[in-house]
Structures are given as C-alpha cells and as structure tokens.
Amino acid sequence: MGFSRRTLLKASAASAVMGSVGAPYVARAEQAEFTYKFANNLPDSHPLNIRSKEMAAAIKAETNGRFDLQIFPNNQLGADTDVLSQLRSGGVEFFTMSGLILATLVPAASINGMGFAFPDYPTVWKAMDGDLGAFVRREVAKANIVAFEKIWDNGFRQTTSSTKPINGPADYKGFKIRVPVSPLWTSMFKAFDAAPASINFNEVYSALQTKIVEGQENPLALISTAKLYEVQKYCSLTNHMWDGYWFLANRRALEALPADVRTIVEKNVNGAALRARADTEKLNATVREDLASKGLIFNQPDVAPFREKLRSAGFYSEWKGKYGEEAWAILEKSVGKLS
C-alpha cells in the first residue's frame, strides 16, 4: 500500500483532532441510526436504480446521516418471490416489485395489467395516482406491507414476432407467444385464440432462437437490453398492458422510524419515482429509434378491435369476477367501460 503504520496513526490522530474542531460533518455508515436494505430486480443502468442512488444520497444528507439506504440491484438478494418473503419477515426493509408478480400475495395488485385497459400514460397516472392506486395500496396493507404512494414506471408492453406483424386480433390466432408465468397473461392470450407458453425470462432468447415460440411481449427497453431484436423481426406497438413497480416497505421497519425521518424517506422515494417515470418515457422514444436501426420493423395497430375481442370472449367479465365489483368499478371509473 506504501503507507507505514506510523503515517496511518498520524493521519487518524490528525483527523480525530480535526473532528473535534468544527470539521465538516461527514455521514459515515457506522454513524447511521438506521441502515435499511432496498432490493430490486433491475440492472444498475435502469432509471429506477439511477434515481434510487440519488434518492439514497438525498435521504442521507437530509437526515444528517441518520438514515443509510443500501441498494441491492439485479436480484442480488434473490429472485422476486424469495425477496418478497424476506420483506415480509423483515430481512429486507424495502423492495420494488411489479404489481403483476405481487398478485401472488395480493390478488388485486395485478389490476393495473388488465389487457388493453389503459390507452396512454395520462390515463395510467390518473388511475394509479388516484383511486385505483389507493385501492391497491389498501389491499397491500392487509398483508402487513406498506406500498408507497407513487408507483414507478415499467412501461407499456409490446408484441414482437419472427413470423408476422400483429395488425389486429386475428393475427394472434394460433400465434405461439411466450408469456410470463402469470394467469393474467395466459388467460388474455387464450381469449385471442393464441398459444401462450409460460417461460421464465432467462430462457426467452433461446426459446425464440430455437423457434419454440414465434414471439414474446415486453416493454421496449427490455426488448433492447435482452437483444431480442437478434431473434425477432417485427414489433407491433400493441400497448396491451401497462406495468409498474410498487415501492414496498416492511411495516414494522417503516413504523420504527421517527416521524421526521420517515417523512424524509417517503418524500424522496416518491419524488424519485416521478423522475424515473419521465426517464422511462424518454427512454422508450429513443429505444424505438435504436431498435428500428437494428432492423426491427414497427407497426402501430388500432387497439379498439383487440378490446372488443376480449369483451366478446368473456375475458373482462371473467376478471371482473376475480377482482370483485369494487375493484372493477374503480378501474372502469378511470378507463371507461370494459365489461
């Protein structure tokens, strides 16, 4: 290292003296009263993690070092379902999770993924920052977890294919499409007479490459980062589902914070969610140009016939039954009549 023990001792003695004569206060991890872990499943470069790092720094500064938020991106602490149980037991204090996966514990949480329900972002935010979001948060609270007020954006999902563009509901007929392991997807694509296959995301590229499936559906940013354009030819901007990440807290851990610290944490987390929303929306526009330059052929179908097909196939009435009258009424208040 090139430092003798003596130099190190002199340096630490000097800093000890400096520390007592009004040296600037430096927040060190060992001085934090609260050190909380925040786990997520997204890569470091995702807007959620970029904004989370800023948010953690702001919380530390505003609490004078009392609160230290440690971020663990990219499934470092385990798969979503593992981390959800760690969150419930208090092994992890904070976790961001898609409502569609949270639905394994809180069934109402997947309602934001209702097929062809949201035509655009303004409708999404009106619902999720309004009554629909409040309803989901009340349901989440019953599982002893607190969902923060602002949901983070994961974007609208689009359909890609190696065989043909999707121009209308008839193009889904017999279409072999990979879907996440979730009943909402399977049931929606079955309503279109497609052939959905539930495959974990880490196997998607090879399933497309070996033609086990013809297509898949995901937000544009993920289609780009997973290089799916190498094994897909068409991208149809179906916007068939919107998905976001709830910022979840272990209730006991959140309630253990003094009121002033908790206020600072909540303010910064919700503020970061809003900034990340704007980032994701910008990213979607640039990603589309980038994907087109890599040879992906885009088309923009009219969504009305898709909605009509789901209605006539009984998809909406089936899910209305699953979510219940109250949840469905709140959804329709935001997006208009579905069933």
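Summary of computed values
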| read-out | value |
| --- | --- |
| Search result, residues across the range 70-110 that are in contact with a Gly (Cβ under 9 Å, 6 or more places away or on another chain) and free of Cβ contacts under 8 Å to residues at least 12 places away in the same chain | S85 |
| Residue under evaluation E266, criteria (1) within 19 Å of the chain's Cα centre (by Cα); (2) among the acidic types (D, E); (3) over 21 Å from R138 (Cα atoms), criterion not met | (3) |
| Cross-chain or 6+ apart pairs with Cβ under 7 Å, the range 179-191 first and under 10 Å from E318 (Cβ atoms), then open to solvent by 10 Å² or more (accessible area, probe 1.4 Å) and aliphatic (A, V, I, L, M) | A191/A313 |
| S206 open to solvent by 40 Å² or more (accessible area, probe 1.4 Å), closer than 30 Å to I177 by Cα and either in contact with a Phe, Trp or Tyr (Cβ under 7 Å, 6 or more places away or on another chain) or not β-branched (V, I, T) (or both) | yes |
| Odd one out for S339, checked against (1) among the polar types (S, T, N, Q); (2) in a loop (DSSP other than H, G, I, E, B); (3) open to solvent by less than 20 Å² (accessible area, probe 1.4 Å) | (3) |
| Hey, A256 buried (at least 16 other Cβ atoms within 10 Å of the Cβ), in contact with a Phe, Trp or Tyr (Cβ under 9 Å, 6 or more places away or on another chain) and among the small types (G, A, S) or not | no |
| The range 226-253, residues that are closer than 19 Å to A141 by Cβ, out of contact with any Ser or Thr (no Cβ under 9 Å at 6 or more places or on another chain) and surrounded by 20 or more Cβ atoms within 10 Å (Cβ to Cβ) | A249 |
| Helices (runs of 4 or more DSSP H) within the range 164-259 that include 3 or more residues of a type in the set (A, V, I, L, M, F, W, C) and over 21 Å from A103 (Cα atoms) | 204-209, 220-225 |
| I223 vs. criteria more than 22 Å from V335 (Cα to Cα), modelled with pLDDT under 95 and either hydroxyl-bearing (S, T, Y) or crowded, with 22+ Cβ neighbours inside 10 Å (or both) | yes |
| Looking only at the range 136-160, and only at residues there that are open to solvent by 10 Å² or more (accessible area, probe 1.4 Å) and assigned to a helix (DSSP H, G or I), the one that is nearest to L257 (Cα to Cα) | A141 |
| Condition met for T263 (modelled with pLDDT of 95 or more, out of contact with any Phe, Trp or Tyr (no Cβ under 8 Å at 6 or more places or on another chain) and either in a helix (DSSP H, G or I) or aromatic (F, W, Y) (or both)) | yes |
| Residue satisfying all of: in the range 276-293; crowded, with 16+ Cβ neighbours inside 10 Å and of a type in the set (K, R); nearest to A57 (Cα to Cα) among these | R277 |
| Contacts under 6 angstrom Cβ, first residue in the range 49-69 being more than 10 Å from A32 (Cβ to Cβ), partner open to solvent by 10 Å² or more (accessible area, probe 1.4 Å) and basic (K, R), 6 or more apart | R51/R275 |
| Considering residues of the range 294-322 that are open to solvent by less than 30 Å² (accessible area, probe 1.4 Å) and within 14 Å of M114 (Cα to Cα) only, the residue farthest from the chain's Cα centre (by Cα) | G314 |
| Residues (of a type in the set (A, V, I, L, M, F, W, C) and under 19 Å from W242 (Cα atoms)) located in the range 151-170 | I151, W152, F156, I166 |
| Condition met for G115 (part of a loop (DSSP other than H, G, I, E, B) and either under 24 Å from L283 (Cα atoms) or not aromatic (F, W, Y) (or both)) | yes |
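For every residue, the table says whether it meets (1) touching a Cys at 6+ places or on another chain (Cβ under 9 Å); (2) farther than 21 Å from K164 by Cβ; (3) among the small types (G, A, S); (4) in contact (Cβ under 8 Å) with a residue 60 or more places away in the chain.
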residue	(1), (2), (3), (4)
T280	no, yes, no, yes
E289	no, yes, no, no
G295	no, no, yes, yes
R311	no, yes, no, no
S317	no, yes, yes, no
Y323	no, yes, no, yes
I330	no, yes, no, yes
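The values are calculated or read from the model by the stated rules, or taken from the named source; none is laboratory data. Everything numeric here is computed off the predicted structure, so don't read it as measured data. For neighbour counting, all protein chains shown are included, and Cβ atoms are generated from backbone atoms with ideal geometry for every residue, glycine included. Heavy atoms of the whole protein, side chains included, go into the accessibility calculation; ligands, DNA and RNA do not. Shrake-Rupley method; radii C 1.70, N 1.55, O 1.52, S 1.80 Å.
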